[in-house]
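Student: Sharing a structure, written as structure tokens. Questions coming.
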Amino acid sequence: MTLIPGRECGPCTVCCTAPSINKPEIQKLSGAACRHCDGGGCAIYDSRPPVCRAFYCAWRTVDIFGEDWRPDKSGVLAYVETEGISEDFDLSTGIGLMLVANPLKTVRQRWFQDFVVTGVTSSIPLFLSLPGPRGYQAATVSLNTEQMLDAIARGTVKDGLEAALKILRGWDFQPAAITHTGNDVSTPG
Ligand code: SF4
Ligand code: SF4
């Protein structure tokens, strides 16, 4: 994995909070901050577990995202998606956009809409994702739909995104399985 030079996580701990982690060396519920988050980043960064070492959000690894997309600033945890990519695409990976702050405010932002328009019209697999309640899996829908293409053509991409968000908000969220119990490092705070 190649990291974009000059980009550091800094005080961002979004990926240490939003997802669940279920590994022998570390477990946490989705939505619960890892207990190693010290307010300024990871307190054990140099000795963090392998699962943490292996993950970087797309802001750290994909150069289509500008500086302002750091997840704690933008409210969007962008990640490289490798699953659920239709064979209709030339690409085997896509981009997930998890709304981790104020979802409605985010999808009403022009910079976010512009990104979606560019991605969808460039046939990049794009997904919109919403975290579930604490301890539950996120909900995800594809943005490469006929409805979104129609909304883009009509200049109503905001409405298209709000419609996608409405689907996510009505999701039947499923519990995130935490099967490992040893060395549990985090409990909901
Ligand atoms: S979400 Fe990205 S920028 Fe934030 S801590 Fe994780 S890898 Fe770093
Ligand atoms: S150990 Fe550090 S990098 Fe891993 S989830 Fe916890 S705070 Fe984040």
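What follows is calculated from the coordinates using simple rules that are stated; it is not laboratory data. Quick caveat, the model's predicted, so the values are computed rather than measured. Cβ coordinates were reconstructed from backbone atoms using ideal geometry, including for glycine residues, and neighbour counts include every protein chain displayed.
Student: With +1 on each Lys and Arg Cβ and -1 on each Asp and Glu Cβ, how big is the dipole of region 103-189 about its Cα centre, in debye rounded to the nearest 20?
Tutor: With Lys and Arg at +1 and Asp and Glu at -1, about 300 debye.
Student: Do you know the Lys pair count in the chain for C-alpha distances under 26 Å, with sequence separation 8 or more or different chains?
Tutor: Qualifying lysine pairs in the chain: 7.
Student: How far apart, in nm, are two points set 7 Å out from the Cα along the Cα-to-Cβ line at GLN147 and at VAL51?
Tutor: If labels sit at GLN147 and VAL51, their model points lie 3.3 nm apart.
Student: Still on this structure, I have one more. Using helices alone, what [θ] at 222 nm do you get for the chain, with -39,500 (n - 2.57) per DSSP H run of 4 or more residues, divided over all residues and rounded to the nearest 500? Before the final figure, lay out each step's value.
Tutor: On the way: 7 runs with 52 residues, N = 189.
Calculated from helices alone, the mean residue ellipticity at 222 nm is -7000 deg cm²/dmol.
Student: In debye, nearest 20: dipole of region 57-169 around its Cα centre with unit charges on the Cβ of K, R (+) and D, E (-)?
Tutor: Details: 11 positive and 14 negative charges, 138 e Å.
Approximately 660 debye in magnitude.
Student: While we're on this one: Plugging the Kirkwood radius over Cα pairs into Stokes-Einstein for the chain, at a temperature of 37 °C and a viscosity of 0.692 mPa s, what D comes out in µm²/s?
Tutor: 189
Student: Which of CYS16, CYS37, CYS52 ends up with the largest GNM mean-square fluctuation for the chain, with Cα atoms connected below 10 Å?
Tutor: CYS52
Student: OK, next. Report the relative contact order of the chain, percent, no decimals, based on alpha-carbon pairs under 8 angstrom and at least 6 residues apart.
Tutor: RCO, the chain: 27 percent.
Student: On average over all directions, what projected area in square nanometres does region 57-169 have, based on the convex hull of its Cα atoms?
Tutor: Over all viewing directions, region 57-169 projects a mean Cα-hull area of 6.8 nm².
Student: Okay, moving on. Say the dipole of region 57-169 comes from +1 at the beta carbon of Lys and Arg and -1 at that of Asp and Glu; which of GLN113, ALA153, GLY75 then lies farthest toward its positive end?
Tutor: The listed residue farthest towards the positive side: GLY75.
Student: For region 1-147, what is the percent of antiparallel DSSP beta bridges, rounded to the nearest 5? Let's see the in-between values first.
Tutor: Numbers: 14 of 18 bridges.
Taking every DSSP beta bridge with both residues in region 1-147, the antiparallel ones total about 80 percent.
Student: Considering only LEU161, LEU128, LEU104, give the residue with the highest GNM mean-square fluctuation for the chain, with springs between Cα atoms whenever their separation is below 10 Å.
Tutor: Checking each option, the largest mean-square fluctuation is seen for LEU104.
Student: Further question on the same structure: How do ARG110, ARG48 rank when sorted from fewest to most other Cβ atoms within 10 Å of their own Cβ?
Tutor: Ordered from fewest to most neighbouring Cβ atoms within 10 Å, ARG110, ARG48 come out as ARG110, ARG48.
Student: Work out the length of the dipole vector of the chain about its Cα centre, built from +1 on the beta-carbon of each Lys and Arg and -1 on the beta-carbon of each Asp and Glu, and round it to the nearest 20 debye. Walk me through the numbers on the way to the answer.
Tutor: Working: 17 positive and 20 negative charges, 134 e Å.
Computed about the Cα centre, the dipole is about 640 debye.
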